[in-house]
1. Return the pairs, sorted by first residue and then second, in which the second residue is among the acidic types (Asp, Glu) and surrounded by 12 or more Cβ atoms within 10 Å (Cβ to Cβ), the first residue lies in segment 90-105 and is farther than 12 Å from Tyr32 by Cα, the beta carbons are less than 6 Å apart, and the residues are 6+ apart or on different chains.
2. Is one or more of the residues making up segment 69-78 modelled with pLDDT of 95 or more and in contact with a strand residue (DSSP E or B) (Cβ under 9 Å, 6 or more places away or on another chain)?
3. Hey, any hits in segment 11-31 for a residue that's modelled with pLDDT of 90 or more, touching a strand residue (DSSP E or B) at 6+ places or on another chain (Cβ under 6 Å) and assigned to a helix (DSSP H, G or I)?
4. Could you check segment 42-96 and list, in sequence order, the residues that are of a type in the set (Gly, Ala, Ser), more than 9 Å from the chain's Cα centre (by Cα) and in a strand (DSSP E or B)?
5. Taking Ala29 as the residue in question, decide whether it is within 14 Å of Thr98 (Cα to Cα), over 9 Å from the mean Cα position of the chain (by Cα) and surrounded by 15 or more Cβ atoms within 10 Å (Cβ to Cβ).
6. Tell me which residues, restricted to segment 60-79, are of a type in the set (A, V, I, L, M) and in contact (Cβ under 8 Å) with a residue 12 or more places away in the chain.
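The values are calculated or read from the model by the stated rules, or taken from the named source; none is laboratory data. Small disclaimer: the values here were computed from a predicted structure and weren't measured. Counting neighbours? That spans all protein chains shown, and the Cβs are built from the backbone with ideal geometry, glycine included.
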Amino acid sequence: MRSRMKRLEADGIVHITTIQNIDALSESAFAYLWITCDRTRLQEIGGALASEPFVGFVASILGRADILAIAHQRSASDLVRLVDDVVKNLPGVIDVRTEPILGLVKNDVRWGLVRSRQR
């Protein structure tokens, strides 16, 4: 079994990862970041956000903002500092609206497969 799993992983068929239970992280703060930006810099801003360890999801969207990101910090005050000191200072960012996530109803990690299938 172990050698088969190693082969599947080496062939790119299986990717083994861990999933953090955010309900167990009582001192953590998660939030949606709705970012309005200069659309000519969309890829640059999205790439900068995606490279940050505090961001677990980044997408360009149509509607109320140009980019949606989901961020995580140790506390609400750390989240505020992150938005004010990092995200709002990225070149091309016009506005950031932050919506804290109070609790999860569903977090299906299989959605990560959507991204890998697009490659």
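1. These pairs meet every condition: Gly92/Asp38.
2. First pass over segment 69-78, keeping only residues modelled with pLDDT of 95 or more: 69.
Narrowing the set further to residues that are in contact with a strand residue (DSSP E or B) (Cβ under 9 Å, 6 or more places away or on another chain) leaves 69.
Within segment 69-78 (the criterion being modelled with pLDDT of 95 or more and in contact with a strand residue (DSSP E or B) (Cβ under 9 Å, 6 or more places away or on another chain)), the answer is yes, since at least one residue qualifies.
3. Within segment 11-31 (the criterion being modelled with pLDDT of 90 or more, touching a strand residue (DSSP E or B) at 6+ places or on another chain (Cβ under 6 Å) and assigned to a helix (DSSP H, G or I)), the answer is no, since none of the residues qualifies.
4. Of the residues in segment 42-96, the ones of a type in the set (Gly, Ala, Ser) are 46-48, 50-51, 56, 59-60, 63, 65, 69, 71, 75-77, 92.
Of the ones still in play, those that are also more than 9 Å from the chain's Cα centre (by Cα) are 46-48, 51, 60, 63, 65, 75-77, 92.
Hit for segment 42-96 is Ser60, nothing else.
5. Working: within 14 Å of Thr98 (Cα to Cα): yes; over 9 Å from the mean Cα position of the chain (by Cα): yes; surrounded by 15 or more Cβ atoms within 10 Å (Cβ to Cβ): yes.
Here the answer is yes, as Ala29 does meet what is asked.
6. Taking segment 60-79 first, the residues of a type in the set (A, V, I, L, M) are 61-62, 65, 67-71, 76, 79.
Those that are of a type in the set (A, V, I, L, M) and in contact (Cβ under 8 Å) with a residue 12 or more places away in the chain: Ala65, Ile67, Leu68, Ala69, Ile70, Ala71, Ala76, Leu79.
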